[in-house]
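This report refers to the structure that appears directly beneath it.
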């Protein structure tokens, strides 16, 4: 018995070392950026570089929060992301439920078409979409940007929801129908509570995707008042005469923190949601 446990432990060593190596590769740049955000600009560009600031300072973060457009950029990022996810869920929940529970001619083809739309590069649609919005006078519209962002995540939302619903035994719904429940009541009071982890996973993926989107807002809402934190960050690289690396990395930390905190808060539901549709019945 002890030999088996020893062999099993020895077999896990390569996996553990490999995981540590991947963690270092992934977290290394993040930790470097975090440390640099507390450096002065002189220390941030000194050669040889220092791993940790000799005299940590919060001046870079103070400058970020004192930027007059910061709160507006933050609000736009939150509004676009949350609005896009809400629209995607409003479309994806009934769409995914119908795909999971109803059978109709051409269903498989329709689902493949929906999946195929998510494979079209967004850049390929920029020029025709821009000219269309310009002709109808809808450039710099926050609502239009939100709808475009939601269109990017609706296909995957429909597919995810369909898998989550399929994992719920249909007999539960049959019992509810016998008791007189309507289809809406079944979805609202029965299906949604049962697939709550899946909804958390879908919402998390959607918010991360839309939060980090740069090109959509930069092209379709070029006004400064409509830009997001990501657009403001990139503008610092192109608009400034010189780049302040310590300030820019402080901005990166601030712009990334809402998504990081959200992911940490819903991590338990996110992981269980990703595996919820893997086993049916």
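The values are calculated or read from the model by the stated rules, or taken from the named source; none is laboratory data. Being a predicted model, the structure only gives us computed values, none of them experimental. We place every Cβ from the backbone using ideal geometry, glycine too, and count neighbours over all the protein chains shown.
Could you grab me the full set of residues in the stretch 186-222 that are surrounded by fewer than 18 Cβ atoms within 10 Å (Cβ to Cβ), in contact (Cβ under 8 Å) with a residue 40 or more places away in the chain and under 25 Å from residue 260 (Cα atoms)?
Within the stretch 186-222, 196, 208, 209, 212, 215 meet the criteria.
Can you tell me how many residues within the stretch 113-149 are more than 17 Å from residue 214 (Cα to Cα), at pLDDT 90 or above and either touching a strand residue (DSSP E or B) at 6+ places or on another chain (Cβ under 8 Å) or part of a helix (DSSP H, G or I) (or both)?
Residues meeting the conditions: 8.
Answer with yes or no whether residue 110 is within 24 Å of the chain's Cα centre (by Cα) and part of a helix (DSSP H, G or I).
In short, no.
Taking the condition surrounded by 15 or more Cβ atoms within 10 Å (Cβ to Cβ) and not in a loop (DSSP other than H, G, I, E, B), does residue 168 pass?
Spelling it out, it is not the case that residue 168 is surrounded by 15 or more Cβ atoms within 10 Å (Cβ to Cβ) and not in a loop (DSSP other than H, G, I, E, B).
In this structure, does residue 254 turn out to be at pLDDT 90 or above, assigned to a helix (DSSP H, G or I) and under 22 Å from the mean Cα position of the chain (by Cα)?
When the stated conditions are applied, residue 254 passes them.
Any residue in the stretch 14-38 that is under 15 Å from residue 60 (Cα atoms) sitting within a Cβ distance under 6 Å of a residue that is not in a helix (DSSP H, G or I)? List the pairs, counting only those 6 or more apart or interchain.
What qualifies is 35/52; 38/53; 38/56.
Going through 233, 192, 249 one at a time, which residue ends up being modelled with pLDDT under 90 and part of a helix (DSSP H, G or I)?
None of the others qualify; the one that does is 233.
Check 215, 243, 260 and return the single one that is more than 20 Å from residue 90 (Cβ to Cβ), at pLDDT below 90 and within 20 Å of the chain's Cα centre (by Cα).
Only one candidate qualifies: 260.
Find the residue count for the stretch 216-230, including only residues that are assigned to a helix (DSSP H, G or I) and under 22 Å from residue 153 (Cα atoms).
At the first step, the residues of the stretch 216-230 found to be assigned to a helix (DSSP H, G or I) are 216-220, 224-226, 229-230.
Adding the requirement that they be under 22 Å from residue 153 (Cα atoms) leaves 216-220, 226, 229-230.
So the count comes out to 8.
Looking at residue 55, is it loosely packed, with under 12 Cβ neighbours inside 10 Å and at pLDDT below 85?
no
Exactly one condition in (1) surrounded by fewer than 19 Cβ atoms within 10 Å (Cβ to Cβ); (2) touching a helix residue (DSSP H, G or I) at 6+ places or on another chain (Cβ under 6 Å); (3) more than 25 Å from residue 73 (Cβ to Cβ) is not met by residue 126; state its number.
(3)
Report, ordered by the first and then the second residue, all pairs with beta carbons closer than 9 Å, sequence separation of six or more or different chains, a first member in the stretch 123-151 that is on the phi > 0 side of the Ramachandran plot and touching a residue at least 60 places away in the same chain (Cβ under 8 Å), and a second member that is exposed (fewer than 14 other Cβ atoms within 10 Å of the Cβ) and assigned to a helix (DSSP H, G or I).
140/225
Tell me whether the stretch 13-33 contains one or more residues that are buried (at least 16 other Cβ atoms within 10 Å of the Cβ) and over 23 Å from residue 148 (Cβ atoms).
Yes: one or more hits.
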